[in-house]
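To start, the structure itself, in structure tokens.
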Amino acid sequence: MSGVFRHILVAVDFAHSSDRALELAVKMAIESAAQLTLVTASEVSAMVYEGAAASTADLVSPAEDAPRAQMTELVAEVRKRWAKVDGFVRYTDPVRGVLDTVRETQADLIVVGTHARQGVDRLISGSIAEGIVRAASVPVLIVHAG
């Protein structure tokens, strides 16, 4: 059976905000027999470099290793349910990381979770989901963390 989407990309942040999005994306991938790509992105390297007194290699390596290990674990967990899954870790602006991965993998749907923040909290934190929606060339499914 062939579904509407052939390649689903889900943005994950290893926090509650992406749990429901991931769950829905896995179900959709199984139902559509679609490739599933997980991606996480953060600017951790840039933050670590600022004002670093210690060797940047000493600081950056552990900061970059943690997301890689989390992604490896998450892909292995999802693979128990759906074999057609891979994962990427990007060290860049989260919106750019997701959109670059969409282009590279030719994903035709993005699934992203959101906290649905409002007011001052939203102004301070910005909205990664909103940035993805504004710039994406493919459909974006926003899933509220609930």
(request) Sticking with the crude label model, points 7 Å out along Cα→Cβ, report the distance from A15 to R68 in nm, one decimal please. (result) 2.4
(message) Is the C-alpha gyration tensor of segment 61-102 telling us rounded, prolate or oblate? Criteria: a/c under 1.5 is rounded; beyond that, a/b larger than b/c is prolate, otherwise oblate.
(response) oblate
(request) Mind giving me the FRET efficiency for V4 and A145? R0 is 30 Å, r the Cβ-Cβ distance, nearest 0.05 is fine. (result) 0.75
(request) May I ask you to evaluate 6.51 cos²θ - 1.76 cosθ + 1.60, the Karplus curve with θ = phi - 60°, for each residue of segment 12-25 and list the ³J(HN,Hα) values in order in whole Hz, giving x for glycine and proline? (result) 10, 10, 6, 9, 4, 4, 9, 4, 5, 4, 5, 4, 5, 4
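Please compute the net charge surrounding P139, taking Lys and Arg as +1 and Asp and Glu as -1 over other residues with Cβ under 13 Å from its Cβ.
Details: positive: R6; negative: D108.
Net of charged neighbours comes to 0.
All of the numbers you see were taken from the coordinates with simple rules; none came from a lab. Remember, it's a predicted structure, so these values are computed and weren't measured experimentally. Every residue, glycine among them, receives a Cβ derived from its backbone with ideal geometry; neighbour counts consider all protein chains shown.
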